[in-house]
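**Student:** To start, I am sharing the structure in question, which I have written as structure tokens.
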Amino acid sequence: MPCFDGSCSDAPSLPGRGQSQGHAVVLLHGGGPGASGASNFARNLPVFAEHFRTIVVDQPGYGKSGKPPVQGNYFTFSATP
């Protein structure tokens, strides 16, 4: 399982930000130059947070997440702890 604060020694650190409480909604950004949770969802986060516990995560290799070398298929790589 990814660690948001880097406290898990065997999992990558994935920076995230969250707001509010209630049912959880996780917003996952796409790829491309400059992609990150903050850049893609800055205007959505406050609106969703009015009704849901909203979590925005930087995918591996984007935003403030770690930039490890991708081994094989990115989608398999990014889903593997």
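**Student:** Restricting attention to the stretch 41-77, and to residues there that are small (Gly, Ala, Ser) and free of Cβ contacts under 8 Å to residues at least 24 places away in the same chain, which single residue is surrounded by the most Cβ atoms within 10 Å (Cβ to Cβ)?
**Tutor:** Looking at residues that are small (Gly, Ala, Ser) and free of Cβ contacts under 8 Å to residues at least 24 places away in the same chain, I get Gly61.
**Student:** Condition check: out of contact with any strand residue (DSSP E or B) (no Cβ under 9 Å at 6 or more places or on another chain), on the phi > 0 side of the Ramachandran plot, modelled with pLDDT of 80 or more and surrounded by fewer than 15 Cβ atoms within 10 Å (Cβ to Cβ). Does Gly34 satisfy that?
**Tutor:** yes
**Student:** For the stretch 40-81, which positions are of a type in the set (Phe, Trp, Tyr) and either touching a helix residue (DSSP H, G or I) at 6+ places or on another chain (Cβ under 9 Å) or not in a helix (DSSP H, G or I) (or both)?
**Tutor:** Listed by number, the residues that qualify are Phe41, Phe48, Phe52, Tyr62.
The values are calculated or read from the model by the stated rules, or taken from the named source; none is laboratory data. As the structure is a prediction and not an experimental result, all values here were calculated from the model. In this analysis, Cβ positions are derived from the backbone assuming ideal geometry, glycine residues included, and neighbour counts consider all displayed protein chains.
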